Each structure stands twice: as structure tokens, then as C-alpha cells.
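**Q** Dropping a structure here in C-alpha cells format, bear with me for questions.
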Number of protein chains: 2
Amino acid sequence: MKQSRLFTRTLKELPKDETSFNAQTLIRAGFVDKLGAGIYTFLPLGLRVHNKICNIIRAEMDAIGGQEILMPALIPKKNWLTTERWDNFDALFKLIGGNQKEYGLGATHEEVVTPLLQKYILSYQDLSVAVYQIQTKFRNEPRAKAGLLRGREFSMKDLYSFHPDEEALKQYYKIVQKAYFKIFERCGLIDYTYLTYAAGGAFSKYSHEFQAICPGGEDTIHICDKCKIAINQEIIDQHHTCPSCDNSKLRTAKSVEIGNIFKLGTRFAKPFEVKYTDETGQEKDVVMGCYGIGPSRLMGAIVEILHDDKGIVWPQAIAPFSIHLLSFKQDDKATTLYQTLTTAGLEVFYDDRGGH
Amino acid sequence: MKQSRLFTRTLKELPKDETSFNAQTLIRAGFVDKLGAGIYTFLPLGLRVHNKICNIIRAEMDAIGGQEILMPALIPKKNWLTTERWDNFDALFKLIGGNQKEYGLGATHEEVVTPLLQKYILSYQDLSVAVYQIQTKFRNEPRAKAGLLRGREFSMKDLYSFHPDEEALKQYYKIVQKAYFKIFERCGLIDYTYLTYAAGGAFSKYSHEFQAICPGGEDTIHICDKCKIAINQEIIDQHHTCPSCDNSKLRTAKSVEIGNIFKLGTRFAKPFEVKYTDETGQEKDVVMGCYGIGPSRLMGAIVEILHDDKGIVWPQAIAPFSIHLLSFKQDDKATTLYQTLTTAGLEVFYDDRGGH
């Protein structure tokens, strides 16, 4: 792409209404624009980065058998009532359409994916199955001051898995865990990321977060250097030591949650009556897992974590371009080189504006 | 992809709560699932078709210099107040967040793109410029019974162009018109599609719709076979003859609007004060155009228009797969062929379920 054509430009000043490093820097560099608190437009360079992150996630989800779908954001009230979350999900944006029909704007999609799969799962032969989407989510966040780390509108990859029993869920949970580390490796954050014990809900003692060490992060983790895992604040308040080795010498760090995996068990399968017939003809409840990564938040985390004093340092796999070609003289040499590199399939950002 | 892995299956019966052919057929074939009136989930096969349509549109928008961005759906009330559309846009879904902050859910994006470009357009050197997005839109439709042809939530490609004067807008408008015909050609609808005179608003006598002849369509057009153009119902009520050649022998047909292009003039540039300095140092208003195609609606229109008595007939460019390979015997030959074809880069849907 020729830089002379790009409509954005870098700003001389940091935006005054942003306090987070990621938002300040991304806005200044012309990667995103702020429409409101926690609400951003992705500009051409930012969208390229965002889409590359999405494609890495997509490839790893496909590799573990995830089937991509796209669910709506307008979720009828009755679905939320079925799971008793209409009144109990604080961050749910609610709206009223024609004929007084009420919707909750998708903040998460168990209320859609569970009745969807209920239609298709009949017998043990239909299990296990995993579906995912990369989609825009909405959360009525009271505070949205962390830029892309906490959006009122943000992108999310949410994977949901459906299994005949707890053992199959447990196996798949491990597979997703590995896939997540691959994603964070490809996005340049592997050295900063800890599998982190978190609260598990009714079905499982623990869930797991993927927390990346980050001075600008909103979370605090407690790292066990023996196990190379971490414990989040909520769990450490209850447990005080490493749940794996009982080590009490834990190292505390600021962090940002860049992913989470959760054994849902029958929490959603029960109310939506997702059952299957097993090999012996017996009817059983399906057990579920859910697994999230927010591409837009991940992009913000990468900016926070991987930068130097000159600004953002994108890992090559997600940089908007592979090559930045600058022409100091206004002659044909650079243009010829640009064409050669582009024809060879390289992504070149060609600063043809002259006047350097 | 192996068909044994696909979680969806074709349904024996047509869904009873749908009256439109496109929704009945797409649901039955497992391409989409209905969550509510005008609200659909795209299932794996449907998402593949949808994404191929999006990629065709994207390629043609890039080819005419469109720069892709992604704007939010949560649009603060103040933006709608600036253009006086908060109370005058019937189909706007409104919602209230924390601190009583109000938003309109993006039904169109002039209220976002105009102040965005205002930040970057300073002088004549920054013009002309065109940006587009492919994004989910929301409209509080009173009736949503036409399946993908009229969604409460639907995908939209919206392109916005910014020009120094009316002449530059006029030229770009023609360029987009050609690009649109290329898109409809690649999607298999060129033989059914008419450039159609429609009401133009304050700045221009006419706008143009792209109407495809379709028995299940909600619109009526009046075709001038001399000019090979059409006139929509609203314009024919005022004008009675072809606006181009004054022909009064017009042929009437049911149709679906699959695109529209509109000269906005200064309708949005004025309230958001998008001005530029011309070559002589004079300050002038920017003039704008907007251009829409709904990929999800286009997908519905293709189903309505291109089908036979056995069901959907996808044009090859947007079919979910290029090859459907069926194995009648459960031996290795088909599997070997599947691997050979897949390795050769072909998209094969391999029915490996046996038992045929």
C-alpha cells in the first residue's frame, strides 16, 4: 500500500481524553479512533493487525476441530430468562424493539449456542462437537478507561464444546489450553503469559485464565515459579498458596487477562435440555466447556507489553505490513522496488510521499 | 471438509415459522438458524457463502480505492443529535447504558464516518478519499418476515466517499456504479439486476438502487427496455415515464434491492463541519456519497433468484465448496481422492458418512 493514499496520519500529540498507554499510542499512530468511552473504530492499519490476530486464532481453532459459525448480537429476552441471567448479568445492555420485544445485546453466547446445538445433538455419535465464532460483543462496563483492554464494544472469539461426559470435556479442555498457548506464542506474548487458576463455578473447582504480565494491566496475579503457573486474586484470597504444589512463596505481578477457559458442565445444557442417547440407549445430559479470547483486547495487550520508548513494536506475524519502504529521493528506484516486492507477495507499506 | 464432522444436517421438513423461500430453504439446508424474527445465526456452510460474498465485495471496493475500516455499532446519542436523526430515524434501536448514557445501534454510519474523516481532511490534497466497512447493522424493522432479505440484524458493506466538489463526486459515483455491477456479475445476479432510479433527497434529484428481479422480492420496479434501466415505485408515482428517455411503456416486476448508491452532498459534512482548504486557500465544504450492499441480503436474494425445484443453486464463486465428493463404498479410494484434491487447493466437501 502506498502511504500517500492512506487517509490517516500520525498525530503530534497524545490524545488528552485517554489514560491508557494502548489507547493513547494506537490513536496517535492512527490505528484506532475513539468514538466514546470503550468504543473504538479500527482504522486501516489497526484493522490489518486485528484481522491478522483473528486469522491466527481462527487457524488454531480450526486445527482443534472448531467449526466456525456467526451468532447474532440481538438475543431475545426469553433466552436470558431460561438461564436466569436476564436480571443477574450486570453488564448486559438491554433494549426494546417494536411490539415491546426485549433483547439483551450479546455479552456472551451460551444463550444462543446451547439451544442451537440442542437442535443437532441427538445421540452419542453427534459428540464431541465444538463450534466457535469471532464476533462483536457488548458489555455495559461501568468504567471503560483501559482502551482496548476493556471495551463496551469489543471483538471476541468464543468457542463452545459439547461432550458426552466429564472425561471427554477434560480431554478437550487440555487441547484448547495447548491451542491457546500456540496462539499467544504466534502473537508474541508467550514469554509473558501464565496459565492462571481462577474460580470455577458450580461444576469445577477451578477455571483457568491466561494472564499476561503487564504493568498497565487491571488484574493482579500471584506466580508460582516452581510450577510456572499463576493464581488470580480471587483464588489467592481463598487459598493463599499454589493450588498445584502448595508453595507459599508467590511472586505478585500486574497482568491482563488475554484468554479464559471454563468447564460449564451442565449449567447451560440443563435449562436448554441438551440431552443425547448413549450407546446403551440411555438419555444423558451433555456437558459443555467455553473458551474465550478477545482479539481486540489481545491487540491492546500486545501494545502495552511489547513496546519500546519509540512506540509500538508489533511481532512480525501481526504487523500491518512486513516491510516499510521509504523513498528519500523522488525517483523511480523505490517505486520499482515496491512493485517487485509486492509482486513477490510481500506486504509493503511504501512511503511515497517524498519531501523527507 | 469431511461431512461426518459437520454438526449441522439437512432437515426433513421446512421450518413452520418462516414464510420466505430463502429462509425456509437456508434453514432446511443447515446454512442458517433462526434465533428470532429477522435474526439469524450463520452456520458453517452459510458462513462460508457469506464470507465469499464479502470477499468479492471487498476486492471490488479495494480496486476502486476504498480503504477498509471497522466502525462500532454503539453510536452515542450526541452524534445522532448532530444530524437530527435521533428522533427521525424510525428503525433506530436505542439503548441506555451506565450513567444514563444513550446510544443508537448503528443502522447506518454517516454519524461515525463523517466526524472521523473530519479529523483527517484538512486540504484539497487529502481529497478525494473513500472508506468502507463490512459490519453488522441493526434496524428495528416492524415486519421481518422476508428471511435474509430484511433482517433486524444484518451485514452491510457501506462505502463513504469524500470529495472536493460535486464533479469529483459525480465521477466517483460512476466508478462505484461499475464496481457494483462487477460484484453482481461475480455473484451470479447480473442478468437480473437493473440500475434503478430512486428518490434523491435534497442534494440530487435521483439516487440509484440496484434492483434484482425476484418473485419473492418486497419491491416493485418499472423497467424501461429501451434504456435497460428501471424506476422504483416511489419515483414512478411522481414521474410516470422513464426519466432517461421518457418512454411510457414500462414493464413491471417484483424485485429485491441488492444495493444502493446515494449522493449525500453536504447533508452530513455541514453538521459535522467537514471543510477543506482549496488550492487558493479558500475554505470549502466537502461533498459526500454513500454506497451500500448488504452481503446477508444479497445471499438471501441469490437463494430466491437462483434456485431450481431441487433447491438452492449457488454460483460457483460463492458456493461453500467447489466439489461435493460422495463415497458410496466405504473404501480408501474416495479418501485418497479427497486428499489429492484438497492438497491441490480445491475446496472439497467429502461425504464420508458411508451407508448410502
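The values are calculated or read from the model by the stated rules, or taken from the named source; none is laboratory data. Everything numeric here is computed off the predicted structure, so don't read it as measured data. Cβ: placed from backbone, ideal geometry, glycine included. Neighbour counts: every protein chain shown.
**Q** Taking region B:59-80 only, how many residues are more than 11 Å from chain A (Cβ to nearest Cβ) and closer than 30 Å to B:Pro271 by Cα?
**A** Start the filter on region B:59-80 by keeping residues that are more than 11 Å from chain A (Cβ to nearest Cβ), which leaves B:59-61, B:63-64, B:80.
Among the residues that remain, those that are also closer than 30 Å to B:Pro271 by Cα are: B:61, B:64, B:80.
Residues flagged as more than 11 Å from chain A (Cβ to nearest Cβ) and closer than 30 Å to B:Pro271 by Cα within region B:59-80 amount to 3.
**Q** Name the pairs: first residue in region B:120-136 and without any contact (Cβ under 8 Å) to a residue 40 or more places away in the chain, second residue surrounded by fewer than 19 Cβ atoms within 10 Å (Cβ to Cβ) and of a type in the set (D, E, K, R), Cβ to Cβ under 8 Å, at least 6 apart or on different chains?
**A** Close Cβ pairs (under 8 Å, with a partner that is surrounded by fewer than 19 Cβ atoms within 10 Å (Cβ to Cβ) and of a type in the set (D, E, K, R)) amount to B:Tyr120/A:Arg9; B:Tyr120/B:Asp126.
**Q** Scan A:Ala269, A:Ala301 and give me the residue that is assigned to a loop (DSSP other than H, G, I, E, B), crowded, with 22+ Cβ neighbours inside 10 Å, modelled with pLDDT of 95 or more and of a type in the set (A, V, I, L, M).
**A** Values: A:Ala301 fails: assigned to a loop (DSSP other than H, G, I, E, B).
The unique qualifying residue is A:Ala269.
**Q** Something else about it: Does region A:37-48 contain any residue that is of a type in the set (Ser, Thr, Tyr), touching a strand residue (DSSP E or B) at 6+ places or on another chain (Cβ under 6 Å), free of Cβ contacts under 8 Å to residues at least 12 places away in the same chain and within 9 Å of chain B (Cβ to nearest Cβ)?
**A** Checked against the condition, which is being of a type in the set (Ser, Thr, Tyr), touching a strand residue (DSSP E or B) at 6+ places or on another chain (Cβ under 6 Å), free of Cβ contacts under 8 Å to residues at least 12 places away in the same chain and within 9 Å of chain B (Cβ to nearest Cβ), region A:37-48 yields at least one hit.
**Q** If you go through region B:150-167 one residue at a time, how many are more than 10 Å from chain A (Cβ to nearest Cβ) and either more than 17 Å from B:Pro72 (Cα to Cα) or without any contact (Cβ under 8 Å) to a residue 12 or more places away in the chain (or both)?
**A** The first filter runs over region B:150-167 and keeps only residues more than 10 Å from chain A (Cβ to nearest Cβ), leaving B:150, B:156-161, B:163-167.
If we keep only those that are either more than 17 Å from B:Pro72 (Cα to Cα) or without any contact (Cβ under 8 Å) to a residue 12 or more places away in the chain (or both) too, we end up with B:150, B:161, B:163-167.
Count: 7.
**Q** Let me ask another. Just to be sure, is A:Thr220 exposed (fewer than 14 other Cβ atoms within 10 Å of the Cβ) and not in a loop (DSSP other than H, G, I, E, B)?
**A** Working: exposed (fewer than 14 other Cβ atoms within 10 Å of the Cβ): no; not in a loop (DSSP other than H, G, I, E, B): yes.
No: the conditions fail for A:Thr220.
**Q** Being assigned by TED's automatic domain parsing to the domain that holds A:Gly292, within 30 Å of B:Asn99 (Cβ to Cβ) and not aliphatic (A, V, I, L, M) narrows it down to one of A:Lys178, A:Lys228, A:Lys137, A:Lys170, so name that one. So that I can check it myself, show each step before the final result.
**A** Numbers: A:Lys178 fails: within 30 Å of B:Asn99 (Cβ to Cβ); A:Lys228 fails: within 30 Å of B:Asn99 (Cβ to Cβ); A:Lys170 fails: within 30 Å of B:Asn99 (Cβ to Cβ).
None of the others qualify; the one that does is A:Lys137.
**Q** What number of residues in region B:127-137 are more than 7 Å from chain A (Cβ to nearest Cβ) and either over 15 Å from B:Gly292 (Cβ atoms) or of a type in the set (Phe, Trp, Tyr) (or both)? Even if it seems obvious, please write down each step before you answer.
**A** Within region B:127-137, the first condition is being more than 7 Å from chain A (Cβ to nearest Cβ), and the residues that meet it are B:127-128, B:130, B:132-135, B:137.
Filter again for either over 15 Å from B:Gly292 (Cβ atoms) or of a type in the set (Phe, Trp, Tyr) (or both), leaving B:127-128, B:132.
Matching residues across region B:127-137 total 3.
**Q** For region B:91-126, enumerate the residues that are under 19 Å from the mean Cα position of the chain (by Cα) and either more than 24 Å from A:Ile27 (Cα to Cα) or at the interface with chain A (Cβ under 8 Å from one of its Cβ atoms) (or both).
**A** Across region B:91-126, the qualifying residues are B:Ala91, B:Leu92, B:Leu105, B:Ala107, B:Val112.
**Q** I would also like to ask the following. So, in region B:169-204, how many residues would count as being hydrophobic (A, V, I, L, M, F, W, C) and free of Cβ contacts under 8 Å to residues at least 60 places away in the same chain? Break it down stepwise before answering.
**A** Kept after step one, since they are hydrophobic (A, V, I, L, M, F, W, C), are these residues of region B:169-204: B:169, B:175-176, B:179, B:181, B:183-184, B:187, B:189-190, B:195, B:198-199, B:202-203.
Applying the additional criterion that residues be free of Cβ contacts under 8 Å to residues at least 60 places away in the same chain yields B:181, B:190, B:195, B:199.
The number of residues fulfilling the criteria is 4.
**Q** Mind checking which helices (runs of 4 or more DSSP H) fall wholly inside region B:1-90 and carry at least 3 residues that are within 22 Å of the chain's Cα centre (by Cα) and within 25 Å of B:Val313 (Cβ to Cβ)? Break it down stepwise before answering.
**A** Details: elements: B:21-28, B:44-63, B:77-82.
In region B:1-90, B:21-28, B:44-63 are the helices (runs of 4 or more DSSP H) which contain 3 or more residues that are within 22 Å of the chain's Cα centre (by Cα) and within 25 Å of B:Val313 (Cβ to Cβ).
**Q** What number of residues within region B:154-181 are assigned to a helix (DSSP H, G or I), acidic (Asp, Glu) and touching a strand residue (DSSP E or B) at 6+ places or on another chain (Cβ under 9 Å)? Give the derivation first.
**A** So in region B:154-181, the residues assigned to a helix (DSSP H, G or I) come out as B:166-181.
Next cut, acidic (Asp, Glu) only: B:166-167.
Still in the list and also touching a strand residue (DSSP E or B) at 6+ places or on another chain (Cβ under 9 Å): B:166.
So the count comes out to 1.
**Q** Another one. Before we move on, is A:Gly147 more than 9 Å from every other protein chain (Cβ to nearest Cβ), more than 21 Å from B:Ile39 (Cα to Cα), buried (at least 21 other Cβ atoms within 10 Å of the Cβ) and touching a residue at least 12 places away in the same chain (Cβ under 8 Å)?
**A** Values: more than 9 Å from every other protein chain (Cβ to nearest Cβ): yes; more than 21 Å from B:Ile39 (Cα to Cα): yes; buried (at least 21 other Cβ atoms within 10 Å of the Cβ): yes; touching a residue at least 12 places away in the same chain (Cβ under 8 Å): yes.
Judged against the criteria, A:Gly147 is a match.
**Q** Related question: Could you please let me know if B:Gln330 is in a helix (DSSP H, G or I), over 28 Å from the mean Cα position of the chain (by Cα) and not aromatic (Phe, Trp, Tyr)?
**A** On the way: in a helix (DSSP H, G or I): no; over 28 Å from the mean Cα position of the chain (by Cα): yes; not aromatic (Phe, Trp, Tyr): yes.
Criteria not met by B:Gln330.
**Q** Can you tell me which residue within region B:203-235, out of those that are aliphatic (A, V, I, L, M) and closer than 18 Å to B:Leu148 by Cβ, is nearest to the chain's Cα centre (by Cα)?
**A** Residues of region B:203-235 that are aliphatic (A, V, I, L, M), as a first pass: B:212-213, B:221, B:223, B:229-231, B:235.
Applying the additional criterion that residues be closer than 18 Å to B:Leu148 by Cβ yields B:212-213.
Working: B:Ala212: 13, B:Ile213: 16 Å.
Among residues in region B:203-235 that are aliphatic (A, V, I, L, M) and closer than 18 Å to B:Leu148 by Cβ, the one nearest to the chain's Cα centre (by Cα) is B:Ala212.
**Q** Out of A:Arg139, A:Arg143, A:Arg152, which single residue is of a type outside the set (Ser, Thr, Tyr) and at pLDDT below 95?
**A** A:Arg143
**Q** Another question about this same structure. Looking at region B:54-84 only, could you name the residues that are among the small types (Gly, Ala, Ser) and either touching a residue at least 40 places away in the same chain (Cβ under 8 Å) or buried (at least 17 other Cβ atoms within 10 Å of the Cβ) (or both)?
**A** Applying the first criterion (among the small types (Gly, Ala, Ser)) to region B:54-84 yields B:59, B:63, B:65-66, B:73.
The answer is B:Ala63, B:Gly65, B:Gly66, B:Ala73.
**Q** I'd like to check something: does region A:85-101 contain any residue that is touching a residue at least 40 places away in the same chain (Cβ under 8 Å), out of contact with any Pro (no Cβ under 9 Å at 6 or more places or on another chain) and of a type outside the set (Gly, Ala, Ser)? Even if it seems obvious, please write down each step before you answer.
**A** At the first step, the residues of region A:85-101 found to be touching a residue at least 40 places away in the same chain (Cβ under 8 Å) are A:90-93.
Okay, now just the ones that are also out of contact with any Pro (no Cβ under 9 Å at 6 or more places or on another chain), so A:92-93.
If we keep only those that are of a type outside the set (Gly, Ala, Ser) as well, we get A:92-93.
Within region A:85-101 (the criterion being touching a residue at least 40 places away in the same chain (Cβ under 8 Å), out of contact with any Pro (no Cβ under 9 Å at 6 or more places or on another chain) and of a type outside the set (Gly, Ala, Ser)), the answer is yes, since at least one residue qualifies.
**Q** So B:Asp33 ticks every box in (1) within 11 Å of another protein chain (Cβ to nearest Cβ); (2) surrounded by fewer than 20 Cβ atoms within 10 Å (Cβ to Cβ); (3) not β-branched (Val, Ile, Thr) but one. Which box is left unticked?
**A** The number of the failed condition is (2).
**Q** Scan region B:340-356 for residues that are of a type outside the set (Phe, Trp, Tyr), at pLDDT 95 or above and surrounded by 12 or more Cβ atoms within 10 Å (Cβ to Cβ) and jot them down.
**A** B:Leu341, B:Thr342, B:Leu346, B:Glu347, B:Val348, listed by residue number.
**Q** Would you be able to tell me the number of residues in region B:277-298 that are outside any strand (DSSP E or B), more than 26 Å from B:Glu218 (Cα to Cα) and among the polar types (S, T, N, Q)?
**A** Residues of region B:277-298 outside any strand (DSSP E or B): B:278-282, B:286, B:294-298.
This time we only want the ones that are more than 26 Å from B:Glu218 (Cα to Cα), so: B:278-282, B:286.
Keeping just the survivors that are among the polar types (S, T, N, Q) gives B:280, B:282.
So the count comes out to 2.
**Q** Please determine whether any residue of region B:97-104 is at pLDDT below 95, crowded, with 23+ Cβ neighbours inside 10 Å and either assigned to a strand (DSSP E or B) or in contact with a Lys or Arg (Cβ under 8 Å, 6 or more places away or on another chain) (or both).
**A** Looking through region B:97-104, at least one residue is at pLDDT below 95, crowded, with 23+ Cβ neighbours inside 10 Å and either assigned to a strand (DSSP E or B) or in contact with a Lys or Arg (Cβ under 8 Å, 6 or more places away or on another chain) (or both).
**Q** In the set B:Asn79, B:Asn55, which member is at pLDDT 95 or above and touching an Asp or Glu at 6+ places or on another chain (Cβ under 7 Å)?
**A** Working: B:Asn55 fails: touching an Asp or Glu at 6+ places or on another chain (Cβ under 7 Å).
After applying the criteria, what remains is B:Asn79.
**Q** Next question. Can you confirm whether region B:308-316 contains a residue that is surrounded by 14 or more Cβ atoms within 10 Å (Cβ to Cβ) and either of a type in the set (Gly, Ala, Ser) or assigned to a helix (DSSP H, G or I) (or both)?
**A** Taking region B:308-316 and keeping what is surrounded by 14 or more Cβ atoms within 10 Å (Cβ to Cβ), we get B:312, B:314-315.
Still in the list and also either of a type in the set (Gly, Ala, Ser) or assigned to a helix (DSSP H, G or I) (or both): none.
So far as region B:308-316 goes, no, none of its residues is surrounded by 14 or more Cβ atoms within 10 Å (Cβ to Cβ) and either of a type in the set (Gly, Ala, Ser) or assigned to a helix (DSSP H, G or I) (or both).
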